[in-house]
Amino acid sequence: MGKLSKVERVAPLRDQVAEGLLQALRSGRFLPGERLTEEQVAEVLGVSRTPVREAFGVLAQRGILTRRDGGGFSVSKPSLSSLENVFELRRLLEPYAARRAARQFKGTDLVLLRKAVAKLRTLVPSGSSAAIAEANREIRRILFALCGNPSLTRAIEENSDHIYLLGMLTMNSKDTRAVVLASHERIFKALAARNEHAIEQAVAEYLDAAHHAAISALTSDNQG
């Protein structure tokens, strides 16, 4: 009897559309607060409206999209209360995960992170907010994957799209860009030295700065 080959599982079209929409958000194609229509997204992604409608529902459940009064959806713009919830969770998880990473990473693990920080450095002077937010996301993904606890890494990653949307609101500020770069360089230096206390403190200080920048962006936007 011939050997059976493994069946490749293909993600439902709804999930493929949801991921395509997330990629469009990460590239800056759609911005926080922007209204989305089924026709618009279907045309951008080259699909029919039905999977788009289903994908909207999936992303609304995750808080990435918000249902509009009168129908339709828009890209979620964080509220001050949701902002506090996000940062409370980040302060609980991220400094600890970074400390674990400093304790057990392998020397070869620094290569990808060094390249990611270098990419951010080239983008900071004139790169788009979307490009910088995505570079920041990549640095976080690499760093926290080194913590050695897949459940912890997954818990942090589940917040990444919300954090990315915050970045889209704040990364147009030159001051914020400079702080983000300096923070990641300080975090990388502490990681390379295997200094658990220093990296935990550097991540905590980075979160304080990011929190302040997000509050300022949301407050000024609401006033405008």
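Details
- Meets criteria (more than 30 Å from Phe188 (Cα to Cα) and without any contact (Cβ under 8 Å) to a residue 24 or more places away in the chain) for Thr66: yes
- Checklist (1) among the polar types (S, T, N, Q); (2) crowded, with 18+ Cβ neighbours inside 10 Å; (3) out of contact with any helix residue (DSSP H, G or I) (no Cβ under 6 Å at 6 or more places or on another chain) applied to Ser129, failing item: (3)
- Residue match in region 59-70 (condition: assigned to a helix (DSSP H, G or I), modelled with pLDDT of 90 or more, touching a Leu at 6+ places or on another chain (Cβ under 8 Å) and not aromatic (Phe, Trp, Tyr)): yes
- Checked against (1) within 18 Å of the chain's Cα centre (by Cα); (2) assigned to a helix (DSSP H, G or I), Gly28 passes all but condition (2).
- Annotation note: of Gly167, Gly148, Gly127, the sole residue that is within 10 Å of the chain's Cα centre (by Cα) and among the small types (Gly, Ala, Ser) is Gly167.
- Residue within region 32-46 that is at pLDDT below 85 and not in a helix (DSSP H, G or I) present: yes
- Verdict on Ser173 being free of Cβ contacts under 8 Å to residues at least 12 places away in the same chain, farther than 20 Å from Leu93 by Cα and of a type in the set (Ser, Thr, Tyr): no
- Test for Ser81: is it of a type in the set (Ser, Thr, Tyr), loosely packed, with under 13 Cβ neighbours inside 10 Å and more than 15 Å from Gly148 (Cβ to Cβ): yes
The values are calculated or read from the model by the stated rules, or taken from the named source; none is laboratory data. Fair warning: this is a prediction, and the values are worked out from it, not measured in the lab. Cβ sites come from the backbone with ideal geometry, for glycine too, and all protein chains shown count toward neighbours.
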